[in-house]
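Everything on this sheet refers to the single structure shown next.
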Amino acid sequence: MKKAIYPGSFDPVTNGHMDMIVRASKIVDELVVGVLNNSAKNSLFSVEERVSMLEEMTRDMKNVTVTSFDGLMVDYMDEIGATIVVRGLRAVTDFEYELQIAQTNHKVNPKIDTIFLTTSLEYAYLSSTIVKEFASYGGDISHFVPQRFINDIYAKYNIEPKTDKK
Ligand code: ADP
């Protein structure tokens, strides 16, 4: 059984994240989407909200589960019996940091390997940070995030709903 974790902040989940989840779930037997509960990071959505958004989006994917974790990811992976980390590479800027983390994790636990999926071209520019920046000014985020969360994101900035919730 190849069990993998796809860790991240997912604050909020974007179409780029969903593309990764769908693709990774076809490569491994079991995929755990791990929402990092990082109290040092000021997040827009609570960890519970982020888990629930991802659960809603992955409900029909049989080998995908969503959890949250804090502390060291390698410890959490031990706990759940996962040996593969899935990460996305968007641009060269992601590379240096990701390489460092992957090598550190492998050093700490040689059973752990990281696989990188290159981002689909249409999402190469997309990040949760960009979504928040755009949404905070009332910009159109309909191409960036799942339709059903658009108004929830605007609501965090006290911006009136712009679309009918589907
Ligand atoms: P983190 O704070 O750990 O970077 P994110 O939620 O921003 O968490 O991202 C989680 C993972 O998803 C990372 O591996 C990141 O590279 C990947 N990712 C983020 N945006 C995209 C995207 N548009 N396309 C593909 N992968 C992405």
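The values are calculated or read from the model by the stated rules, or taken from the named source; none is laboratory data. The structure presented is a predicted model; accordingly, all values stated were derived computationally and were not measured. When we count neighbours, we look across all protein chains shown, and the Cβ atoms used for this are built from the backbone with ideal geometry, even at glycine. Side chains are part of the model used for accessible areas, which takes the heavy atoms of the whole protein and leaves out ligands, DNA and RNA. Shrake-Rupley method; radii C 1.70, N 1.55, O 1.52, S 1.80 Å.
Which residues, counting only those in the stretch 124-140, are open to solvent by less than 60 Å² (accessible area, probe 1.4 Å), more than 16 Å from residue 9 (Cβ to Cβ) and within 13 Å of the ligand (Cβ to nearest atom)?
Of everything in the stretch 124-140, just one residue is open to solvent by less than 60 Å² (accessible area, probe 1.4 Å), more than 16 Å from residue 9 (Cβ to Cβ) and within 13 Å of the ligand (Cβ to nearest atom), namely 124.
Quick test for you: out of 71, 8, 16, 81, pick the one residue that is in contact with a helix residue (DSSP H, G or I) (Cβ under 6 Å, 6 or more places away or on another chain) and among the small types (Gly, Ala, Ser).
That would be 16, the only listed residue that is in contact with a helix residue (DSSP H, G or I) (Cβ under 6 Å, 6 or more places away or on another chain) and among the small types (Gly, Ala, Ser).
Residue by residue through the stretch 9-40, note down the ones that are open to solvent by 30 Å² or more (accessible area, probe 1.4 Å) and either in a strand (DSSP E or B) or of a type in the set (Ser, Thr, Tyr) (or both).
Those that are open to solvent by 30 Å² or more (accessible area, probe 1.4 Å) and either in a strand (DSSP E or B) or of a type in the set (Ser, Thr, Tyr) (or both): 9, 30, 36, 39.
Taking the stretch 20-46 as the search range and keeping residues that are within 11 Å of the ligand (Cβ to nearest atom) and in contact with a helix residue (DSSP H, G or I) (Cβ under 6 Å, 6 or more places away or on another chain), which one is nearest to residue 131 (Cα to Cα)?
Per the stated criteria, the residue is 35.
If you go through the stretch 41-66 one residue at a time, how many are outside any loop (DSSP other than H, G, I, E, B) and of a type in the set (Gly, Ala, Ser)?
1
Scan the stretch 146-156 and give yes if some residue there is among the aromatic types (Phe, Trp, Tyr), touching an Asp or Glu at 6+ places or on another chain (Cβ under 8 Å) and away from the ligand (no atom under 16 Å from the Cβ), otherwise no.
yes
To keep it simple, each residue is scored yes or no on (1) of a type in the set (A, V, I, L, M, F, W, C); (2) closer than 18 Å to residue 21 by Cβ.
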residue: 53; (1), (2): yes, yes
residue: 57; (1), (2): yes, yes
residue: 73; (1), (2): yes, yes
residue: 78; (1), (2): no, no
residue: 82; (1), (2): yes, yes
residue: 91; (1), (2): yes, no
residue: 96; (1), (2): no, no
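Kindly indicate the residue of the stretch 123-148 that is assigned to a helix (DSSP H, G or I) and touching a residue at least 24 places away in the same chain (Cβ under 8 Å) and also nearest to residue 72 (Cα to Cα) among those meeting that condition.
Out of the qualifying residues, it is 128.
Of the residues that sit in the stretch 85-98 and are free of Cβ contacts under 8 Å to residues at least 24 places away in the same chain and in contact with a strand residue (DSSP E or B) (Cβ under 9 Å, 6 or more places away or on another chain), which one is nearest to the ligand (Cβ to nearest atom)?
94
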